[in-house]
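A short write-up of the structure that comes next.
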Amino acid sequence: MENLFRHHIRIERDGEWLRPARLTARQEEESRRREPFYLRAICGGGISIGFCSEAKTVTLAYKITENVRDYAYVDIVVDGVLAKTVNLEEKEGELTLEIPGAGMRETEIFLPHLAQLWFRKIQPDAPYAPIPEKEKLWVFIGDSITHGMQTEHPSMTYPVLSSRILGCDYVNMGVCGGTFYADDIDSCGKTPDILSVAYGTNDWKQAKDKESFRRQAADTIARITETFSCKNMYAILPLWRKDSGEVYGGMTFAEMHAVLREEYEKYPFITVLDGTTLVPPMPDFFHDGVHPVTAGFLHFAMELTKHINK
C-alpha cells in the first residue's frame, strides 16, 4: 500500500493505519504552538494515490481525523484527465471508487487537501504498478493560496496544475495561514530542481511596521536558501486582493511588494515574479477577494509555467 502514495515526504503509522504527510515531523510539531495552524499543517495538500492498471475500481478503507472545511473531495484523474469527483461524506468507512475507462491506464486519486486522512486499505481490483517517478521535482512553499484554499478540487490547485504542465513531480509544503517564519522551514529530504516561495499577503495584513516585516521576510528567505540547495528558485509576490488599496503596517500594497523584491533580489539565483500578473486582478477570479477560485488557479498555473519555461 505504501508505494501507492505520491507527493508526500514521509508516512506516519498508527497500528494498521497509515498517513502520508507532506511536512516533516518537526514542522508539524512546530505548528502545534499556533493553533489552528497545526490543524491546517497536518492536512493533505497535493497528496495522491497513483497506479498504472486495468483496474475498474479501487477500494479505500479510510478515516478523516481532521478537516478545515465541511467537504472532503477526492478527484479521480485518468491519463491526465479529471474524470470524476467524489465527496467523502462519512468520516470513516470503506469506499469503492469506480475508475472510468478501460484497458491499461494511469490513475491518480487526489486526496482532500483540506483534511487529514488515514488509510487501512487501498486495493485496486486488478494487478497494478506504481506510477514511475518523474525526472524533476518542484517544491512549493507558501500560505493558504499555495495550500489550495478555496478550490474544492484537490487536483486543481496551482501547484498540482503547474507541475502537471511541466511534467514534474512535486511536494506542496504550503500551509493555510503561513507567513514568513523561519522556524517553519525544513528540508523535505529531497533536492528540488525547482523551488517556489509565495508568502507575503498574510504578513502585510498583520504587519506592525515596515522594518519588522522586512526583517521577518529576510530571515525566512535566508533560511530557505540555506535549507534547500536548489539554485532555480522563484519568488512569487502576493496576488491582487480586494483591499490592495489599504495601508497595513505603514505600507501600501505596492510598497510591500517593493520591500519583498529588494530582499529576494539579494540572491542572484532567485527570479522574482509579480503575483498580480499571474491571476487576473478581478473579483471574478477570487472567492473572497484573497483566495483564487478554480479558474484563478488555472490562470496562475498557466502564467507561472510560462515564466519558468522561459
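Observations on the model:
- Flag for LEU18 being buried (at least 18 other Cβ atoms within 10 Å of the Cβ) and more than 21 Å from LYS136 (Cα to Cα): yes
- Enumeration of residues in segment 271-291 that are at negative phi, touching a residue at least 40 places away in the same chain (Cβ under 8 Å) and under 20 Å from the mean Cα position of the chain (by Cα): GLY275, LEU278, VAL279, PHE286, HIS287, ASP288, VAL290, HIS291
- Where strands (runs of 3 or more DSSP E) fall wholly inside segment 48-150, the ranges with 1 or more residues that are within 30 Å of ALA198 (Cα to Cα) and assigned by TED's automatic domain parsing to the domain that holds SER229 are 137-142.
- Residue within segment 250-257 that is of a type in the set (S, T, N, Q), assigned by TED's automatic domain parsing to the domain that holds SER155 and modelled with pLDDT under 95 present: no
- The residue that is surrounded by the fewest Cβ atoms within 10 Å (Cβ to Cβ), among those in segment 140-149 that are of a type outside the set (Gly, Ala, Ser) and in contact with a strand residue (DSSP E or B) (Cβ under 8 Å, 6 or more places away or on another chain), is ASP143.
- ILE236 passes every criterion in (1) touching a Phe, Trp or Tyr at 6+ places or on another chain (Cβ under 8 Å); (2) under 16 Å from ILE221 (Cβ atoms) apart from (1).
- Residue in segment 207-230 that is assigned to a strand (DSSP E or B) and over 25 Å from THR151 (Cβ atoms) present: no
- Verdict on GLY174 being at pLDDT 95 or above, assigned to a loop (DSSP other than H, G, I, E, B), of a type outside the set (Val, Ile, Thr) and more than 16 Å from the chain's Cα centre (by Cα): no
- In a residue-by-residue description of segment 63-81, the property of being within 18 Å of PRO154 (Cβ to Cβ) and either aromatic (Phe, Trp, Tyr) or more than 25 Å from the chain's Cα centre (by Cα) (or both) applies to at least one position.
- Scanning segment 64-92 for residues that are small (Gly, Ala, Ser) and on the phi < 0 side of the Ramachandran plot returns ALA72, ALA83.
- Answer residue from segment 227-278, given it is out of contact with any His (no Cβ under 9 Å at 6 or more places or on another chain), surrounded by 15 or more Cβ atoms within 10 Å (Cβ to Cβ) and aromatic (Phe, Trp, Tyr) and is farthest from TRP138 (Cα to Cα) among those: TYR248
- Boolean, LEU304 is at pLDDT 95 or above, under 18 Å from the mean Cα position of the chain (by Cα) and not charged (D, E, K, R): yes
- Filtering GLY101, GLY80, GLY93 for residues that are under 21 Å from ILE11 (Cα atoms), touching a strand residue (DSSP E or B) at 6+ places or on another chain (Cβ under 8 Å) and not hydrophobic (A, V, I, L, M, F, W, C) leaves a single hit, GLY93.
- Restricting attention to segment 150-160 and to residues that are at pLDDT 95 or above and either touching a His at 6+ places or on another chain (Cβ under 6 Å) or surrounded by fewer than 21 Cβ atoms within 10 Å (Cβ to Cβ) (or both), the residue that is farthest from ALA295 (Cα to Cα) turns out to be PRO154.
The values are calculated or read from the model by the stated rules, or taken from the named source; none is laboratory data. Nothing here was measured: the structure is a model prediction, and the numbers come from that model. Note that we place each Cβ from the backbone using ideal geometry, even for glycine, and neighbour counts take in every protein chain shown.
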